[in-house]
Amino acid sequence: MIVAEPKPIKELLEMVKDFNRILVVGCKGCVTVCNVGGAKEVAILASSIRISRKKMGQEIEVGEHTLERQCDPEYVDELKDMICDYDAVISIACGVGPQFLSERYPSSKIFPGVNTQFMGGAEEHGIWSERCAGCGTCVVHYFGGLCPIARCSKSLLNGPCGGSANGKCEISKDVECIWDLIVRKMMEQDRLDELIEFKPPKSWITARDGGPRRMIREELVK
Amino acid sequence: MSEYKSGSNLEKVLRAGHFAFTGECGPPQGANVEHLKEKAGHLKGCVDAVNVTDNQTAVVRMSSWAASIILLQEGLEPNFQMVCRDRNRLAIQSDILGVYSLGIRDMLCLSGDHQKFGNHPEAKNVFDIDSMQLIHTVKTMRDEGKFLNGQDIDAPPELFIGAASNPFAEPFDFRVYRLAKKISAGADFIQTQCIYNMDKFREFIKRAVDMGLHEKCYILAGVTPMKSVGMALYMAKQVPGMDVPDTLIKRLRGAGKGKVAEEGIKFALEQIEEFKEMEGVAGVHLMAIEWEHKVPEIAERAGMLPRPTV
Ligand code: SF4
Ligand code: SF4
């Protein structure tokens with residue numbers, strides 16, 4: 001899933017300080033799963049804004065709405081009759097949400113309510129970590145099913161570097177060295193020979209480096 | 001005798017079977033050319049080549065190629081270091097052609113410390129290719145006369161290709177295989193990380209010898225004399241991938257006030273004596289960090305002078 005974290009309430013209040021009618025829009029996709037942008041968080045954020053603004057002596061009307069997904073025009077459409085009632089919109093979906101809203105409703109002022117972090121998963125309740133950098137050509141099978149592009153600080157394909165110690169990455173004791181895991185796993189599986197093989201430079205054409213990406217699946221296009 | 005790969009002094013010394021001795025010099029954090037010349041001047045005549053570091057620990061300094069050229073003009077042989085952190089494959093290949101054109105003949109290929117350690121932690125890192133792929137790139141350019149895309153190079157750069165190896169990083173069992181991988185990728189010589197844990201290094205080099213790696217590549221053992229107990233503690237705790245045994249820290253502590261630096265040099269000299277006899281070790285790489293003026297004394301006491309001319 002796409003993992004995000006809430007923006008500090010202070011930052012959000014500053015963003016909408018000139019508005020008196022705002023709409024907070026959530027999303028039932030990834031951000032609901034990572035407890036940052038679902039219906040529950042919409043309600044919490046809306047009431048925090050109301051309370052803060054009341055304290056500041058500047059009351060505000062805050063509408064609440066949560067879409068099935070903000071990355072799908074079909075659902076974004078749902079806002080068409082209500083969005084014009086508000087001076088500004090805070091989207092608490094991932095970074096895709098505010099952009100789909102901006103594109104569909106060109107005259108509305110749209111603000112992001114979360115900081116989108118990475119593609120990853122939940123290690124346990126309340127802890128998420130990165131797994132994929134969306135390089136466009138998946139190669140994890142060479143590395144015991146683990147991704148050095150997203151998870152090695154230097155994206156080494158021929159690691160581990162000289163900084164790996166105690167299973168930790170050189171950049172921090174809180175960061176695991178994915179290459180340590182790769183080596184151990186491959187050795188356990190008796191696949192050392194695969195790891196010794198030289199991995200040539202990767203083509204980053206399919207990654208972000210190749211420019212903004214777009215995908216067309218002819219069989220699905222009507 | 002077969003042809004030299006680059007004909008550098010370092011290559012000639014090693015090929016002739018001499019025990020090599022290389023030094024290191026970090027470019028200034030500014031354009032202070034005189035200071036660089038003075039530091040490098042101490043190494044003149046004491047070492048076979050001088051490593052010129054490339055924004056070491058991700059701190060911005062005068063570019064390693066420019067500092068290398070200054071050393072060359074001063075009559076020293078630079079071992080030009082290049083890291084993958086700051087350049088993509090276009091810049092890498094063009095810099096390789098550039099340094100070769102200006103007379104550089106030795107090059108050390110590194111991934112580079114993460115920028116998190118440096119003075120611009122906000123920077124974007126490149127790591128388009130890694131150190132293994134960099135070694136292979138230089139070799140492909142030199143031996144096949146081709147760029148990474150397979151296109152011909154009209155006049156290929158003839159460089160003596162160096163790589164680093166850290167026997168003390170983990171997983172230990174994989175380290176010797178990674179060394180082997182660097183050698184197959186094209187490394188002609190290896191300079192190791194600073195060695196303090198001699199037991200572990202003996203085990204590492206034994207494994208390398210068992211695999212015959214010392215016959216395919218020259219391995220230079222890394223030595224950095226400890227200047228103080230503080231430095232030893234810092235190396236032990238703060239520097240990633242460094243292995244400083246407690247026994248050494250105790251020994252330095254026991255040396256008494258004002259005598260720690262001398263004890264550090266003594267330990268380095270004992271190491272060098274052992275390396276001279278150690279199967280698989282072809283020389284020593286002395287990294288006397290900000291202690292360049294001590295190099296003549298260390299070289300003398302280690303019996304490294306005069307340096308051979310081949
Ligand atoms: S190899 Fe690419 S697609 Fe596969 S997990 Fe890593 S970044 Fe994602
Ligand atoms: S310590 Fe491990 S994860 Fe960190 S940069 Fe080195 S190989 Fe990559």
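A short reminder: the numbers here are calculations on the coordinates, not readings from a lab. Note that the coordinates shown come from a computational prediction; the quantities given were computed from them, not determined experimentally. Every residue, glycine as well, gets a Cβ built from its backbone with ideal geometry; the counts of neighbours run over all protein chains shown.
Thinking of the stretch A:133-209 as a set of Cα atoms, what percent of all their pairs are more than 21 Å apart? Can you show the working numbers first?
Working: 765 of 2926 pairs.
Percent of Cα pairs beyond 21 Å in the stretch A:133-209: 26.
Normalised by the number of residues in chain A, what is the relative contact order in percent for Cα pairs under 8 Å and 6+ residues apart?
Numbers: 347 pairs, mean separation 37.4, N = 222.
Once normalised by length, the contact order is 17 percent.
Quick one: divide the alpha-carbon radius of gyration of the stretch B:158-310 by 2.2 N^0.38 Å and tell me what you get.
Values: Rg = 15.7 Å, N = 153, 2.2 N^0.38 = 14.9 Å.
My calculation over the Cα atoms of the stretch B:158-310 gives 1.06.
For B:Val50, which sequence-distant residues (separation of 5 or more, or a different chain) have an amide H within less than 5 Å of its own amide H, given hydrogens modelled in the peptide plane?
B:Gly23, B:Glu77, B:Asn79
Test of the criteria: in the stretch B:94-196, which trypsin sites (Lys or Arg not before Pro) are in a DSSP loop and have at most 16 other Cβ atoms within 10 angstrom of their Cβ?
Values: sites: B:Arg105, B:Lys116, B:Lys124, B:Lys139, B:Arg142, B:Lys146, B:Arg175, B:Arg178, B:Lys181, B:Lys182; in loops: B:Arg105, B:Lys124.
Taking the stretch B:94-196 and a limit of 16 other Cβ atoms within 10 Å, the loop trypsin sites (Lys or Arg not before Pro) found are B:Lys124.
What is the order of A:Ile216, A:Ile110, B:Ile129, fewest Cβ neighbours within 10 Å to most? Kindly include the intermediate steps, with their values, before the conclusion.
Values: A:Ile216 6, A:Ile110 20, B:Ile129 26.
Placing the least packed residue first, the sequence is A:Ile216, A:Ile110, B:Ile129.
What do you get for the angle between helix B:89-101 and the principal long axis of chain B? Use alpha-carbon atoms, 0 to 90 degrees, nearest ten.
The answer is roughly 80 degrees.
Each residue of the stretch B:195-212 in turn: what ³J(HN,Hα) in whole Hz from Karplus with 6.51, -1.76, 1.60 and θ = phi - 60°, glycine and Pro shown as x?
After applying 6.51 cos²θ - 1.76 cosθ + 1.60, I find 9, 10, 8, 5, 4, 5, 5, 4, 5, 4, 5, 4, 5, 5, 5, 4, 8, x Hz.
Given axes a ≥ b ≥ c from the Cα gyration tensor, I'd like to know whether chain A is rounded (a/c under 1.5), prolate (a/b larger than b/c) or oblate.
Details: a/c = 3.07, a/b = 1.94, b/c = 1.58.
Since a/c reaches 1.5 and a/b is larger than b/c, the shape of chain A is classed as prolate.
Could you check how many percent of all C-alpha pairs in the stretch A:47-155 are farther apart than 19 Å?
Numbers: 3562 of 5886 pairs.
Summing the P(r) of the stretch A:47-155 above 19 Å gives 61 percent of all pairs.
Say we join alpha carbon atoms closer than 10 Å with springs in a Gaussian network model of chain A; which of A:Gln189, A:Gln99, A:Gln117 then has the biggest fluctuation?
A:Gln189
Would you mind checking which residues have amide H under 5 Å from B:Phe160's amide H? H placed 1.01 Å from N; only 5 or more apart, or other chain.
Hits under the 5 Å cutoff: B:Asp106, B:Met107.
May I ask for the net charge around A:Asp209, where only other residues with Cβ less than 12 Å from the Cβ of A:Asp209 are counted and Lys, Arg are +1 while Asp, Glu are -1? Please report the intermediate quantities before stating the final value.
On the way: positive: A:Lys202, A:Arg208, A:Arg213, B:Arg89, B:Lys124; negative: B:Asp128.
For residues surrounding A:Asp209, the net value is +4.
Per residue Cα convex hull volume for the stretch A:174-217, in cubic angstrom?
Working: hull volume 7.3 nm³, N = 44.
Measuring per residue, one finds 166 Å³ for the Cα hull of the stretch A:174-217.
Quick one: P(r) of the stretch B:9-301 from all Cα-Cα pairs, 10 Å bins, percents rounded to integers, in order of increasing distance.
Percent of pairs per bin, in order: 6, 28, 37, 23, 4, 1, 0.
Amide H neighbours of A:Phe118 under 5 Å, counting only residues 5+ apart in sequence or on other chains, H built in-plane at 1.01 Å?
Amide H to amide H, under 5 Å and 5 or more residues apart or across chains, A:Phe118 pairs with A:Val3.
So for the stretch A:133-209, averaging the separation of alpha carbon pairs under 8 Å that are six or more residues apart and normalising by length, what relative contact order in percent results?
Numbers: 75 pairs, mean separation 26.3, N = 77.
This gives 34 percent for the stretch A:133-209.
Can you list the GluC sites (Glu not before Pro) in the stretch B:226-297 that are in a DSSP coil and have 11 or fewer other beta carbons within 10 angstrom?
Values: sites: B:Glu262, B:Glu263, B:Glu270, B:Glu273, B:Glu274, B:Glu277, B:Glu279, B:Glu290, B:Glu292, B:Glu297; in loops: B:Glu279, B:Glu290.
When the GluC sites (Glu not before Pro) of the stretch B:226-297 are filtered for loop state and at most 11 Cβ neighbours within 10 Å, B:Glu279, B:Glu290 remain.
Give me the extension gain from B:Arg307 to B:Ile153: residue separation times 0.36 nm, minus the current Cα-Cα distance, reported in nm with one decimal. The partial results should precede the final answer.
Numbers: separation 154, 0.36 × 154 = 55.44 nm, distance 3.56 nm.
Contour length minus the Cα-Cα distance gives 51.9 nm.
Starting from the Cα gyration tensor of the protein assembly as shown, take the square roots of the eigenvalues, sort them a ≥ b ≥ c, and report rounded, prolate or oblate (rounded when a/c is under 1.5, otherwise prolate if a/b is larger than b/c, else oblate).
Prolate, since a/c reaches 1.5 and a/b exceeds b/c.
Check every DSSP H run in chain A and write down those whose alpha carbon atoms cover 20 angstrom or more along the long axis and whose mean Kyte-Doolittle hydropathy is -1.0 or greater. Mind showing how you got there, number by number?
Details: long enough: A:39-55 (24 Å, 0.02).
Once both thresholds are applied, what remains is A:39-55.
In the stretch B:247-305, which trypsin sites (Lys or Arg not before Pro) fall in coil by DSSP and have 11 or fewer other Cβ atoms within 10 Å?
B:Lys257
Any idea what the relative contact order of chain B is, in percent, if you count C-alpha pairs under 8 Å spaced at least 6 apart?
Working: 579 pairs, mean separation 61.4, N = 310.
The normalised contact order for chain B reaches 20 percent.
Name the most mobile residue of A:Ala122, A:Ala133, A:Ala207, meaning the one with the largest mean-square fluctuation, in a Gaussian network model of chain A with Cα contacts below 10 Å.
Maximum fluctuation in the GNM of chain A, among the listed residues, is at A:Ala207.
Could you sort out which of B:Lys237/B:Lys257; B:Lys181/B:Lys259; B:Lys200/B:Lys257 sit more than 32 Å apart by Cα distance in this structure? Please list the in-between numbers first.
On the way: B:Lys237/B:Lys257 23 Å; B:Lys181/B:Lys259 42 Å; B:Lys200/B:Lys257 30 Å.
Over 32 Å apart, Cα to Cα: B:Lys181/B:Lys259.
If you count the DSSP beta bridges with both ends in the protein assembly as shown, what percent of them are antiparallel, to the nearest 5? Before the final figure, lay out each step's value.
Values: 14 of 59 bridges.
In the protein assembly as shown, approximately 25 percent of DSSP beta bridges are antiparallel ones.
Cut-off is 10 Å between beta-carbons; in what order do A:Met56, B:Met242 appear when sorted fewest neighbours first?
Values: A:Met56 11, B:Met242 22.
Ascending Cβ contact count within 10 Å gives the list A:Met56, B:Met242.
Taking the number of other C-beta atoms within 10 Å as the exposure measure, put A:Asp77, B:Asp130, A:Asp174 in order starting with the fewest.
On the way: A:Asp77 11, B:Asp130 26, A:Asp174 7.
Ordered from fewest to most neighbouring Cβ atoms within 10 Å, A:Asp77, B:Asp130, A:Asp174 come out as A:Asp174, A:Asp77, B:Asp130.
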